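Working notes for the structure below.
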Amino acid sequence: MTFIGRTKEQEKLLAQLSSPIQNAALLYGRRRVGKSELILHTMRQASGIRSIYYECRQTTAENNTRNLSEVIAEAFDMPPLAFSDIEAALRFVFDRATGEKIVLAIDEYPYLRDVVKGMDSILQVLLDEYRDRSHLSLILCGSYVEVMKSLLERDNPLYGRIDLKINLQPMDYYESAQFYPERSCEDKVRLFSVFGGIPYYNRLIDKNASVRENLIHLILEPDARLEDEVPSYLLSEISKIGNAHEIFSALADGHARYRDILSQSHVSSGATLVNVLNRLIGMQLVQRRSPINDPNNKKRTSYVICDGLSKFYYRYVFRYLSQRSVLDPEVYYDRYVNDDFETQFVPRAFEEVCRQYLVRQNRMGNSEPPFDLIGTYSYDDPVTRTNGEFDVVTKDPLGYSFYEAKFRTTPITQRMIEDEIEQVQRTGLTCHRYGFFSRSGFEAQADERTALIGLEELYR
């Protein structure tokens, strides 16, 4: 299986594993983002180094000790080992690392932490004791983001002992497209809108099937591979907190402001809503966005689902569970998904693709001048006495740049560009650059302050 992307993360982790001195790394990120595969791939790259990979079980300390003992024995080509506890097993590895370079990766570390009392302290003692004589590279990995982040806090025994921290994020639209390079640019946007930058989902895509067929086969038909992915993830992560489904439904329907989410989700109190939103943000499923021109205005803060599969599930599956149970999957798709998917869901995702394109170009040094901020811009229109926000605006030393993304079947015309610029100027937003992204090209000409960016340009 070809490993795709993660070049910078590989370089950082490989440098850590190749170092002759003892070190510890913390790798965390949401479920399915590719943490384990990154570790295993990097271990394979570190040729000539003895590597031990152990995935913790959601079971007892005794069971984990027994399983880890088997993994250690296999790594050293030894007969079965029987350690009394986790600390004894780990001490054996630390001790062996005084004579050779060893990599020890403990995946799903929070499971072990839950069943072994003082697990963080055990590691702290071993790291301190062997600091000057061990050649061990320790990797702690986990999907419970809040738990993993807590290992870095000042009151945690491991504070100050982590040499490398990687918060693994979903791939951007460009890296994700490497999973389906043969697709048209339009279909790349469609696939990214649902499966995002999650390697596990993208590897399931059938290259010989259409986008429609993939969505039906992977999500909508009975017993589909990803049918229970979203609800099981939520239930396992926040099983003790109610209202998550209602809040997700409100967000999926486009309700982004706090007061609208509270009203639409029928949550009992503001405190409950804040609690659930914070948990979903911690799980990296929801983002909190503030306008770049008014970042401290809580009334204009918005919340959006940043995971495409979750948004798709709550927009098209959760709300129509009864209909889905009695309809043929293809009829269901045509009746409840197709039109809205093409006219609402994918165009909104296209805006995110365009944001990521701008960030990618900025980091590559292709923006002149480079911008410092990107986000929404909140405005008040004195003529119509309305307020709203522009979705993609950047700020650089020269001022603001405005961008409009159109995933429509007809080209953007000169008149449309002029009308858009006039609307922007009417709100009082002064820009030194106006950019337009178009799925279907342009019937217009760029000038010194207008950039026209076709869909193909995003994937070059």
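The values are calculated or read from the model by the stated rules, or taken from the named source; none is laboratory data. If you're wondering where the values come from, they're calculated on a predicted model, not measured in any experiment. Reconstructed Cβ throughout: ideal geometry from the backbone, glycine too, with neighbour counts over all protein chains shown. Each accessible area value is taken on the protein alone, full model and side chains, heavy atoms only, with ligands, DNA and RNA left out. Shrake-Rupley method; radii C 1.70, N 1.55, O 1.52, S 1.80 Å.
Restricted to the stretch 312-321, and to residues that are hydrophobic (A, V, I, L, M, F, W, C) and assigned to a helix (DSSP H, G or I), which residue is nearest to Val33 (Cα to Cα)? So that I can check it myself, show each step before the final result.
Narrowing the stretch 312-321 to residues hydrophobic (A, V, I, L, M, F, W, C): 312, 317-318, 321.
Checking the rest, the ones that are also assigned to a helix (DSSP H, G or I) come to 312, 318, 321.
Values: Phe312: 18, Phe318: 23, Leu321: 27 Å.
Selected residue: Phe312.
For Glu182, indicate whether it is charged (D, E, K, R) and either out of contact with any helix residue (DSSP H, G or I) (no Cβ under 8 Å at 6 or more places or on another chain) or surrounded by 16 or more Cβ atoms within 10 Å (Cβ to Cβ) (or both).
On the way: charged (D, E, K, R): yes; either out of contact with any helix residue (DSSP H, G or I) (no Cβ under 8 Å at 6 or more places or on another chain) or surrounded by 16 or more Cβ atoms within 10 Å (Cβ to Cβ) (or both): yes.
Judged against the criteria, Glu182 is a match.
Please tell me if Ala444 is within 21 Å of Tyr377 (Cα to Cα) and either out of contact with any Cys (no Cβ under 8 Å at 6 or more places or on another chain) or open to solvent by 40 Å² or more (accessible area, probe 1.4 Å) (or both). Please lay out each step first, then the result.
Working: within 21 Å of Tyr377 (Cα to Cα): no; either out of contact with any Cys (no Cβ under 8 Å at 6 or more places or on another chain) or open to solvent by 40 Å² or more (accessible area, probe 1.4 Å) (or both): yes.
No.
Go through the stretch 202-215 and give me each residue that's in contact with an Asp or Glu (Cβ under 8 Å, 6 or more places away or on another chain) and crowded, with 20+ Cβ neighbours inside 10 Å.
Val211, Asn214
In contact with a Phe, Trp or Tyr (Cβ under 7 Å, 6 or more places away or on another chain) and within 30 Å of Cys431 (Cβ to Cβ): which single residue out of Asn293, Asn297 fits that description? Lay out the reasoning, then the answer.
Working: Asn297 fails: in contact with a Phe, Trp or Tyr (Cβ under 7 Å, 6 or more places away or on another chain).
Being in contact with a Phe, Trp or Tyr (Cβ under 7 Å, 6 or more places away or on another chain) and within 30 Å of Cys431 (Cβ to Cβ) holds for just one of Asn293, Asn297, which is Asn293.
May I ask you to verify whether Ala349 is among the small types (Gly, Ala, Ser), part of a strand (DSSP E or B), under 31 Å from the mean Cα position of the chain (by Cα) and closer than 30 Å to Tyr313 by Cβ? Walk me through it before giving the result.
On the way: among the small types (Gly, Ala, Ser): yes; part of a strand (DSSP E or B): no; under 31 Å from the mean Cα position of the chain (by Cα): yes; closer than 30 Å to Tyr313 by Cβ: yes.
No: the conditions fail for Ala349.
If you take the residues of the stretch 125-166 that are buried (at least 16 other Cβ atoms within 10 Å of the Cβ) and among the aromatic types (Phe, Trp, Tyr), which of them is nearest to Ala89 (Cα to Cα)?
Among them, the one singled out is Tyr130.
Specify the residue that is modelled with the highest pLDDT; the eligible residues are those in the stretch 235-252 that are surrounded by fewer than 16 Cβ atoms within 10 Å (Cβ to Cβ) and within 19 Å of Ser310 (Cβ to Cβ). If you could, list the steps in order and put the result at the bottom.
Taking the stretch 235-252 first, the residues surrounded by fewer than 16 Cβ atoms within 10 Å (Cβ to Cβ) are 235-236, 239-242, 245.
When the remaining residues are screened for being within 19 Å of Ser310 (Cβ to Cβ), the result is 235-236, 239, 241-242, 245.
Details: Leu235: 69, Ser236: 67, Ser239: 56, Ile241: 56, Gly242: 63, His245: 80.
Filtering the stretch 235-252 for residues that are surrounded by fewer than 16 Cβ atoms within 10 Å (Cβ to Cβ) and within 19 Å of Ser310 (Cβ to Cβ), the one modelled with the highest pLDDT comes out as His245.
Which of the residues spanning the stretch 167-179 are surrounded by fewer than 20 Cβ atoms within 10 Å (Cβ to Cβ) and either part of a helix (DSSP H, G or I) or acidic (Asp, Glu) (or both)?
The answer is Asp172, Tyr174, Glu175, Gln178.
Report yes if Glu456 is part of a helix (DSSP H, G or I), open to solvent by 50 Å² or more (accessible area, probe 1.4 Å) and in contact (Cβ under 8 Å) with a residue 60 or more places away in the chain, otherwise no. Can you show your working first?
On the way: part of a helix (DSSP H, G or I): yes; open to solvent by 50 Å² or more (accessible area, probe 1.4 Å): yes; in contact (Cβ under 8 Å) with a residue 60 or more places away in the chain: yes.
Criteria met by Glu456.
Considering the stretch 291-311 alone, what residues qualify as being in a helix (DSSP H, G or I) and open to solvent by 60 Å² or more (accessible area, probe 1.4 Å)? Full working, then the answer.
Applying the first criterion (in a helix (DSSP H, G or I)) to the stretch 291-311 yields 298-300, 308-311.
The answer is Lys298, Lys299.
Scan the stretch 119-138 and tell me whether some residue there is at pLDDT 95 or above and within 26 Å of the chain's Cα centre (by Cα).
yes
Quick one: is Asn275 over 18 Å from the mean Cα position of the chain (by Cα) and either open to solvent by less than 30 Å² (accessible area, probe 1.4 Å) or more than 28 Å from Arg31 (Cα to Cα) (or both)? Steps first, please.
Details: over 18 Å from the mean Cα position of the chain (by Cα): yes; either open to solvent by less than 30 Å² (accessible area, probe 1.4 Å) or more than 28 Å from Arg31 (Cα to Cα) (or both): no.
The answer is no for Asn275.
Need a quick list: strands (runs of 3 or more DSSP E) entirely within the stretch 379-439 having at least 3 residues that are open to solvent by 20 Å² or more (accessible area, probe 1.4 Å). Please lay out each step first, then the result.
Details: elements: 386-396, 399-406, 431-438.
In the stretch 379-439, 386-396, 399-406 are the strands (runs of 3 or more DSSP E) which contain 3 or more residues that are open to solvent by 20 Å² or more (accessible area, probe 1.4 Å).
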